[in-house]
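Everything below concerns the one structure shown next.
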Amino acid sequence: MSSESIQFWTMIGTWVASIGTVSAVITSLWFAYNQNKVKLRITVGHRKIVSVGSHDTPDYCVIKVVNLSNKPAKIESIGWKAGYWKNKVSFIQLFKLPGFDDLPKVLTEGEDATFAVPFNAQGNDEDWIMRFPKSVTSTSKHNLRSLKLWVHISQGQTFTVKPEKGLIEKLASSQKS
């Protein structure tokens, strides 16, 4: 082996070692940054609740939150927002439905919570399914396509998710009627 090939392979080894060191530093920084973050999986959609002994299957807006991180998460508030940039409007959703979770709610690792809002509680224009879409679209700037659910936790993080297509369709049909 010539001295030039030894120098070449020494240079290659130095480059490989440098790339490995930079990769290790980037990986450790990524783990350190993400270690203190809470991760939640959130779904929101239209559900029919079936119960034993009842022929009625009422409609609900059901919000399910699962803690995917190894840190506890205290859910402080849940709400809705619609619109873009400076034209946003926000709503806070209140609960207190028997058989479902209420706020505030602490979720440990892997634990979930289910929140529900009945579409029709009184059978008139005061029901959620009638009032809510009208509130979102009360001005021409907001529409149901921009609607998102937000979940705020005590650690300062806010998570947003788009509602399922079925819920948007129910809200749109309610708005038209």
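The values are calculated or read from the model by the stated rules, or taken from the named source; none is laboratory data. What you are looking at is a predicted structure, and each value in this text was computed from that prediction instead of being measured. Cβ placement follows ideal geometry from the backbone for every residue including glycine, while neighbour counts extend to all protein chains displayed. What goes into the accessible areas is simple: the full protein's heavy atoms, side chains included, and nothing from ligands, DNA or RNA. Shrake-Rupley method; radii C 1.70, N 1.55, O 1.52, S 1.80 Å.
Element breakdown for the chain at a 1.4 angstrom probe: carbon and sulfur atoms account for 58% of the accessible area. Annotation note: chymotrypsin sites (Phe, Trp or Tyr not before Pro) in region 1-96 located in DSSP loop regions with a Cβ neighbour count of at most 15 within 10 Å are Tyr84, Phe95.
Could you do me a favour and compute the accessible area per residue for region 1-99, 1.4 Å probe, result in Å²?
Details: 7170 Å² over 99 residues.
The answer is 72 Å² per residue.
Rounded to the nearest 10 degrees, the inclination of helix 3-35 to the longest alpha-carbon principal axis of the chain is 30 degrees.
Filter the cross-link list Lys71/Lys165; Lys88/Lys165; Lys71/Lys134; Lys74/Lys176; Lys48/Lys176 down to pairs whose alpha-carbon distance in this structure exceeds 28 Å. Kindly include the intermediate steps, with their values, before the conclusion.
On the way: Lys71/Lys165 31 Å; Lys88/Lys165 21 Å; Lys71/Lys134 38 Å; Lys74/Lys176 37 Å; Lys48/Lys176 21 Å.
Beyond 28 Å: Lys71/Lys165; Lys71/Lys134; Lys74/Lys176.
Working out 0.36 nm times the residue gap between Glu169 and Lys96, then minus their Cα-Cα distance, what length gain in nm do you get to one decimal?
Details: separation 73, 0.36 × 73 = 26.28 nm, distance 2.52 nm.
The span from Glu169 to Lys96 would gain 23.8 nm if fully extended.
For the pair Ile49 and Thr27 in one chain, pulling the backbone fully straight at 0.36 nm per residue adds 3.4 nm over the alpha carbon distance. Against the chain, whose longest principal axis comes from its Cα atoms, helix 165-176 is set at around 40 degrees.
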